[in-house]
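Asks: Input: one structure, supplied below.
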Amino acid sequence: MQKNSLSYRETNYFTPLVTDYLDQKENVKQFYELFPSLNNFGKQILSKKENYNSNDGREKRSTLVEVLKKQYRHLKVSEATSGNIDLLQEETTFTITTGHQLNLFTGPLYFLYKIVTAINLAADLKKAYPEYNFVPVYWMATEDHDFEEISFFHLHGKKFQWNPPKSDKSGGPVGELPTDGLEDVFELFSAEIGNSKNAEQLKEWFKKAYLEHDNLADATRYLANELFGEQGLVILDAHEPDLKRHFIPYIKAELFKPDFQNAVITQSEALEKEGYKVQVNPREINLFYMTEGLRERIVERGGKFFVHDKEISWTREEIEDLVENHPERFSPNVLLRPLYEEVILPNLCYIGGGGEIAYWFQLKELFKEAGVSFPIVLLRNSALLQTVKQDQKRQKLNISLPELFLKSHELINRKVRRISNIDIDFSPQKEHLVQQFQDLYKLAEETDKSFLNAVKAQEVKQLKGLDHLEKRLLRAQKRKLGDEVFRIAALQNELFPGKGLQERHHNFSEFYLEYGDRLIPTLLENLRPLELKFDILSL
């Protein structure tokens, strides 16, 4: 196993907001409290300890443990996970949380990277602060309702798609979706992967998760527990009335308090002012109304509250009463969910991808308004998995690691220019031509200024002519060096499926077929959360 690393900026796959954050640029510091470092986690512990404990912390911990034990009652629970659940009762225990959608069979590979980052960070913090306990938590996004985003995974260049029959739960939270229709996906998946020892393990996981559990939440919990239970991962479905009761004051504030609503808008505008893209457009009310088969946003008009596009409405008094008696019917959207998480968990850090980092940076003022500690926000580990043979191909082609991440046409053009036996760079000729035209401009100025436009037109025409000749020569050399070009393109296509990052496309099963039980331990050993680097692992 060999590991190399690049800065995230060198990969060219991450936004300016993410790379500026990692570089700790001054203009980004207004959007977070503490940067992820071991020393800063000591400060975060003290902040969360005081804030959480002063807000019914003991009662929240008891509720959290009761809910978790109920959710785990039908699972085989490892000693590590069982011990971590019990530790959550103690005031010296904190969580390290990552969240993810309920993608079919975990979806893209970065699902594993998120959880590995949480597990490894919890272990690193235990070494640095042995007097405290740190529990890695996977927050299941059971209340989401975008089925299209989670209904498939890719393997061997093929898309395995779940097309469930319509049910009375369609259109509601995805965690409640029945697993009907997944028998067909299982059959296709089984035929694709064969009958090796590793294939049989994958088939067993898929079968037990999706064919022996009634809904998507239970299926995902089973699978994540099988993959990471031995490392003590705690899996939480926060769609629970007992947990939502602790969020009642914040639901009311979102519904009735203008300052609460405006905090996200203010921070979002500040991001835009700095030239960054706002990830999520905030609404006046960032809540959904949720019942069986329904999750639709709440809007306010003329002092009354409505469910968008539905014949459901309440007066202020009626909706306040509903919040008190049925808080589980109120579902936070992507911008309010982080606050719910930080209210009910003794959490120090949220681990997410670039898009998640971006919407967390819209929320600092909301947390201040709510009186809740803002967590440390950490970019999850990212990696490119390659074989030793693929790395040897790269070296034979004399491609550096940063070059490997270039767009295909940029890399090929650069390589053709480098290995060609003739000079395809016409920059000196263009500079010489520009200089000649500078002399012509002076001559026109001294004789007849009406010729200036004609001189300019001729300069543009001749420069375009040189560009055209350069491109023709480059194309000719590409044909001449066709074998080299083919091998460069083939290597990139293997490592960057669909011209994107591997981790955003491939399913973990593609690598488990080859490496089996070694895959997750290899990731745990090599992905270091606080190094803040993009890793290239040669397996």
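The values are calculated or read from the model by the stated rules, or taken from the named source; none is laboratory data. This structure is a prediction, so every number in the text was calculated from the model and none was measured. Here the Cβ positions follow ideal geometry from the backbone for every residue, glycine too, while neighbour counts run over all protein chains shown.
Asks: What are the pairs with Cβ atoms under 9 angstrom where one residue, in the stretch 129-141, is among the small types (G, A, S) and the other, located anywhere, is in a loop (DSSP other than H, G, I, E, B)? Sequence gap at least six, or different chains.
Replies: Cβ pairs passing all conditions: A141/Q101; A141/L102.
Asks: May I ask you to list pairs of residues, at least six apart or on different chains, whose Cβ atoms are under 6 Å apart, with the first in the stretch 369-389 being closer than 18 Å to F41 by Cβ and the second being of a type in the set (G, A, S)?
Replies: Going by the 6 Å Cβ cut-off, the qualifying pairs are S373/S47; R380/G353.
Asks: Something else about it: One residue is enough: does the stretch 315-329 have a residue meeting the conditions in contact (Cβ under 8 Å) with a residue 60 or more places away in the chain, in contact with a Ser or Thr (Cβ under 6 Å, 6 or more places away or on another chain) and farther than 21 Å from R295 by Cβ?
Replies: no
Asks: Here's something else I'd like to know. Being of a type in the set (D, E, K, R) and either under 24 Å from N51 (Cβ atoms) or touching an Asp or Glu at 6+ places or on another chain (Cβ under 6 Å) (or both) narrows it down to one residue among K159, K169, K114; which is it?
Replies: K169
Asks: Just the residues that are modelled with pLDDT of 95 or more, surrounded by 16 or more Cβ atoms within 10 Å (Cβ to Cβ) and not basic (K, R), please, taken from the stretch 53-64.
Replies: Correct list: T63, L64.
Asks: Moving on to the next point. Please tell me if E143 is acidic (D, E) and either within 17 Å of H506 (Cα to Cα) or modelled with pLDDT under 95 (or both).
Replies: no
Asks: Just to verify a result, which residue in the stretch 90-111, among those that are under 28 Å from Y129 (Cβ atoms) and touching a helix residue (DSSP H, G or I) at 6+ places or on another chain (Cβ under 7 Å), is surrounded by the fewest Cβ atoms within 10 Å (Cβ to Cβ)?
Replies: Among those residues, the one meeting the criterion is E91.
Asks: I've got another one for you. Among the residues of the stretch 375-411 satisfying the criterion of being loosely packed, with under 13 Cβ neighbours inside 10 Å and of a type in the set (D, E, K, R), which is farthest from K364 (Cα to Cα)?
Replies: By that ranking, first place goes to K396.
Asks: Another question, then. Pull up the stretch 343-359, narrow it to residues that are closer than 26 Å to E91 by Cα and not aliphatic (A, V, I, L, M), then point me to the one that is nearest to the chain's Cα centre (by Cα).
Replies: For the stretch 343-359, the residue satisfying everything is G352.
Asks: Would you mind finding the one in E230, E200, E192, E269 that is closer than 26 Å to L335 by Cβ and of a type outside the set (S, T, N, Q)?
Replies: Testing whether each residue is closer than 26 Å to L335 by Cβ and of a type outside the set (S, T, N, Q) leaves just E269.
Asks: For the stretch 271-315, enumerate the residues that are assigned to a helix (DSSP H, G or I) and surrounded by fewer than 18 Cβ atoms within 10 Å (Cβ to Cβ).
Replies: Those that are assigned to a helix (DSSP H, G or I) and surrounded by fewer than 18 Cβ atoms within 10 Å (Cβ to Cβ): E272, K273.
Asks: Let me ask something else about it. Between residues in the stretch 229-241 that are closer than 17 Å to T117 by Cβ and at pLDDT below 95 and residues that are surrounded by fewer than 21 Cβ atoms within 10 Å (Cβ to Cβ) and of a type in the set (A, V, I, L, M, F, W, C), which pairs lie under 8 Å by C-beta distance while being six or more apart or on different chains?
Replies: none
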